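> Attaching a single structure in structure tokens format; questions to follow.
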Amino acid sequence: DSGVTQTPKHLITATGQRVTLRCSPRSGDLSVYWYQQSLDQGLQFLIQYYNGEERAKGNILERFSAQQFPDLHSELNLSSLELGDSALYFCASSVGTLSSYNEQFFGPGTRLTVL
Amino acid sequence: ILNVEQSPQSLHVQEGDSTNFTCSFPSSNFYALHWYRWETAKSPEALFVMTLNGDEKKKGRISATLNTKEGYSYLYIKGSQPEDSATYLCALAPPNTGNQFYFGTGTSLTVIP
């Protein structure tokens, strides 16, 4: 158990809908990262928050947004869902500094299925 | 976007065999390389952080080496066991990106009893 929690575990929804994925980082970690893993693709970095502020952006679609709250939990909002958004979404957290040496601790993921 | 490649894509070995696989990355602008182990239905778990050219890290039967000048890292598993079956991921963490990781697609290892 990494100490990172994600809810829900599974989510099934229809095209055009909007969903929110939630992540609670390990106690004391200030950085939260979101990744997407689609079929036959590696983990793709979406976005990073550090102590409430957006720090880095990767291949995140404009239909997706995220935020990190004062209690450091984070939410990833996916709107106008398309079939291609079906994927495993991971949240990870790391300690307070922004060093590339810091390992990231991954949550169990949310499996999103768009029908 | 940095290109991180892993080979082979998948590997089947007999219990007791030793094996190794490769992570290749752009040699310029290197800062850190992370290895992760990802078992089915679980979350990726960190194995090693490699930072210096020539680094060698070991954890039990698993070890890793790093060559930043030529842009590759090897992961070795000695005497593979069925519980080693997993996908092994490497991730490049370049400088000045706030610890953003660029993952390879992984090597899927199956150890046959």
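Nothing in this text is a laboratory measurement; each read-out follows from the coordinates by a stated rule. Since we're looking at a predicted model, the values are computed, not measured. Ideal geometry is used to build each Cβ from the backbone, glycine not excepted, and the neighbour counts take in all protein chains shown.
> How much space per residue, in cubic angstrom, does the convex hull of the C-alpha atoms of the range A:17-57 take up?
100 Å³
> So for the range A:53-115, what percent of the C-alpha to C-alpha distances run longer than 14 Å?
When every Cα pair of the range A:53-115 is considered, 67 percent fall beyond 14 Å.
> Could you give the longest part of chain B that holds none of the trypsin sites (Lys or Arg not before Pro) found in DSSP loops with at most 16 neighbouring Cβ atoms within 10 Å? Working shown, then result.
On the way: sites that count: B:K42, B:R61, B:K69, B:K78.
Answer - B:1-41.
> Report, ordered by chain and residue number, the aspartates and glutamates lying within cross-link reach of B:K42, taken as a straight Cα distance under 15 Å and ignoring same-chain residues fewer than 8 apart.
A:D1, B:E83, B:D84
> Taking the alpha-carbon centroid of each part, what is the distance from the range A:1-47 to the range B:3-69 in angstrom?
Here the two parts' Cα centres lie 24 Å apart.
> Here's something else I'd like to know. So how far apart, in nm, are the two label points at B:E70 and A:T20 if each is 7 Å from Cα heading toward Cβ?
5.2 nm
> If N is the number of residues in chain A, what value comes out of its Cα radius of gyration divided by 2.2 N^0.38 Å? Can you show the working numbers first?
Working: Rg = 13.3 Å, N = 115, 2.2 N^0.38 = 13.4 Å.
Rg over 2.2 N^0.38 Å, computed on Cα atoms: 1.00.
> Determine the shielding of peptide A:51-60 by partner chains: average, over its residues, the number of Cβ atoms on other chains within 10 angstrom of each Cβ.
For peptide A:51-60, the averaged partner shielding equals 2.
> Charges at C-beta only: +1 for Lys and Arg, -1 for Asp and Glu. How large is the resulting dipole of the range B:1-76 about its Cα centre, in Debye rounded to 20?
That gives the range B:1-76 a dipole magnitude of about 200 debye.
> OK, next. What does the charge count near B:L47 come to, summing +1 for each Lys or Arg and -1 for each Asp or Glu among other residues with Cβ under 15 Å from its Cβ?
0
> Where a Cα-Cα gap under 13 Å defines reach, which aspartates and glutamates qualify for B:K78, not counting those fewer than 8 residues away within the same chain?
Result set, ordered by chain and number: B:E15, B:D17.
> Over all alpha-carbon pairs of the protein assembly as shown, lay out the pair-distance distribution in 5 Å bins, whole %, shortest bin first.
Pair shares across the bins are 1, 7, 15, 18, 18, 16, 12, 7, 4, 1, 0.
> Give the residue list of trypsin sites (Lys or Arg not before Pro) in the range A:1-104 that are DSSP loop and have at most 12 other beta-carbon atoms within 10 angstrom.
Answer by residue number: A:K9, A:R18.
> Quick one, can you get me the convex hull of the C-alpha atoms of chain B expressed as volume per residue in Å³?
93 Å³
> Count neighbours as other Cβ atoms within 10 Å of each site's Cβ, and list the GluC sites (Glu not before Pro) in the range B:56-113 that are DSSP loop with at most 10 such neighbours.
Within the range B:56-113, the qualifying GluC sites (Glu not before Pro) (loop, at most 10 other Cβ atoms within 10 Å) are B:E70.
> Per-residue Cβ counts within 10 Å, from other chains only, averaged over A:104-112: what number is that?
Mean shielding count: 3.
> Taking R0 as 35 Å, what's the FRET efficiency between A:F69 and B:T40 from their Cβ-Cβ distance, rounded to 0.05?
0.65
> When the convex hull of the C-alpha atoms of the range B:65-113 is computed, what volume per residue in Å³ does it have?
Value for the range B:65-113: 90 Å³ per residue.
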